[in-house]
């Protein structure tokens, strides 16, 4: 019987301790790029030079993490909500990966509440995006 493999190849192989270390290194590297990097990582910003529905989200979450809540709301009004949501999803995926060797194993939120919450968040993202083009929330977030 063939064992399940990670889309990253051999990264899913090994003991749970090895997988925990590998995942921690990868997530730490991504966090370092986000916190210390000064280049746009959004494909919409890079290619279209226009803000996407999530533009400003990273800056919003970083500002909130530093206790600058007014600045956080200025960058993206949903940052205070999405920061914890994404953090919980990453933690769930981290532990699912350590346990099974498959990234995404922790994404098993099902049910009516999860579906409604995702639909509401999606609509809120697009609502904020459109409202910003009309000047709400300080207007569109500048892109790199």
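Just so it is clear, none of the values below were taken in a lab; they were calculated from the coordinates. Model, not experiment: these values are computed from the prediction. All Cβ positions, glycine included, derive from the backbone under ideal geometry; neighbour counts span all protein chains shown.
Worth a mention:
- Kirkwood-type radius of the range 12-138, with distances r between different C-alpha atoms, in Å: 16.4 Å
- Note on residue 88 and residue 68: the extension gain reaches 5.1 nm, defined as 0.36 nm multiplied by sequence separation minus the Cα-Cα distance.
- The order of the peptides 74-87, 114-127 by mean Cβ neighbours within 10 Å, most packed first, is 74-87, 114-127.
- One chain, two ends: residue 121 and residue 134. Fully extended at 0.36 nm per residue, the span grows by 2.7 nm beyond their Cα-Cα distance.
- Highest-first arrangement of 43-54, 60-71, where packing means the average Cβ count within 10 Å: 60-71, 43-54
- Residue 44/residue 15 FRET efficiency (R0 30 Å; Cβ-Cβ; nearest 0.05): 0.15
- The range 18-79 shape via C-alpha gyration tensor axes, a/c threshold 1.5: oblate
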